[in-house]
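Worksheet: one structure, shown below.
The values are calculated or read from the model by the stated rules, or taken from the named source; none is laboratory data. This one's a predicted model, so the numbers in the text were calculated from it and none came from an experiment. In this analysis, Cβ positions are derived from the backbone assuming ideal geometry, glycine residues included, and neighbour counts consider all displayed protein chains.
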Amino acid sequence: MTPPPLAAVPWTTPDPTSLLYFLIGALVFVVFVVIARLLARRVADMLRNRQIRPELAVIVGRVVAFGLIGLGAAFAVSFAIQSANIALFGIVLATIIASFGVQDVLKDYVSGYYVLLERHIRVGDRITLDVLSGTVAEIKLRVTLLRSDSGDMIVVPNSELFNRPVLVHGRMPPPASDATPTPPK
């Protein structure tokens, strides 16, 4: 007679191979934690050497460490329960989470390419966007810098310039090229 499906099964000693896989999983996790800490410190130092703001270097270092530790946890669990599906699920989940996290940044960069390529807005133009108004001081890939009348710097994400109506003051469109020139007399 077999016990019902959810009945309590008496505890038995695990076999040595499953203990070995559990220990390998724990060792993999420890290795990932050590590598994550070393790599996060290295990345933060490299960013500081490139004169990146210190708080940004710390944040990037923590993101690198967190990502590697999460990846290590997925690999460790997959070793412990002897299933590669857990590691694959962890990698897919991390990819989805990362894609949602960088969605706005990527939108700003792609919009920046269009702003720079189409050249509807140029450095020196006076523009109004909703309630913001100023002179374009610099156009970068992710943001456009405006100088307000009071001298303040306004940072506008390029996705805002790309997705909203922008009023460009005092610039006439180029003359139409399909007009026939009049012959000289």
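Return the residue satisfying two criteria in turn: it lies in the range 108-142 and is in contact with a strand residue (DSSP E or B) (Cβ under 8 Å, 6 or more places away or on another chain) and among the basic types (K, R), and of such residues it is nearest to F75 (Cα to Cα). Ranking the qualifying residues of the range 108-142, first place goes to R142. Only residues that are in contact with a helix residue (DSSP H, G or I) (Cβ under 6 Å, 6 or more places away or on another chain) and among the aliphatic types (A, V, I, L, M) were counted across the range 95-120, and they come to 1. If the condition is being charged (D, E, K, R) and either within 12 Å of V115 (Cα to Cα) or at pLDDT 85 or above (or both), then the range 131-185 contributes E138, K140, R142, R147, D149, D152, E160, R164. Annotation note: of A26, A65, A94, the sole residue that is over 30 Å from P16 (Cβ atoms), modelled with pLDDT of 85 or more and of a type in the set (G, A, S) is A65.
Screening S111 with (1) over 19 Å from the mean Cα position of the chain (by Cα); (2) assigned by TED's automatic domain parsing to the domain that holds V155; (3) polar (S, T, N, Q) gives one miss only, at (1).
Only one residue in V31, V43, V58 is within 24 Å of G70 (Cβ to Cβ) and either in contact with an Asp or Glu (Cβ under 8 Å, 6 or more places away or on another chain) or at pLDDT 90 or above (or both). Which one? Give the derivation first.
Numbers: V43 fails: either in contact with an Asp or Glu (Cβ under 8 Å, 6 or more places away or on another chain) or at pLDDT 90 or above (or both); V58 fails: either in contact with an Asp or Glu (Cβ under 8 Å, 6 or more places away or on another chain) or at pLDDT 90 or above (or both).
Checking each option against the conditions leaves just V31.
Scanning the range 85-110 for residues that are loosely packed, with under 12 Cβ neighbours inside 10 Å, hydroxyl-bearing (S, T, Y) and within 22 Å of E160 (Cα to Cα) gives a single hit, S99. If you filter the range 86-99 down to residues that are under 14 Å from G72 (Cα atoms) and not aliphatic (A, V, I, L, M), you find that the one that is nearest to the chain's Cα centre (by Cα) is G90. Among residues of the range 78-97 that are on the phi > 0 side of the Ramachandran plot, those with a Cβ under 6 angstrom from a residue that is of a type outside the set (V, I, T) and outside any loop (DSSP other than H, G, I, E, B), sequence gap 6+ or separate chain, pair up as Q82/Y21.
The residues in the range 111-134 that are touching an Asp or Glu at 6+ places or on another chain (Cβ under 7 Å) and exposed (fewer than 12 other Cβ atoms within 10 Å of the Cβ) can be counted, and the count is 1.
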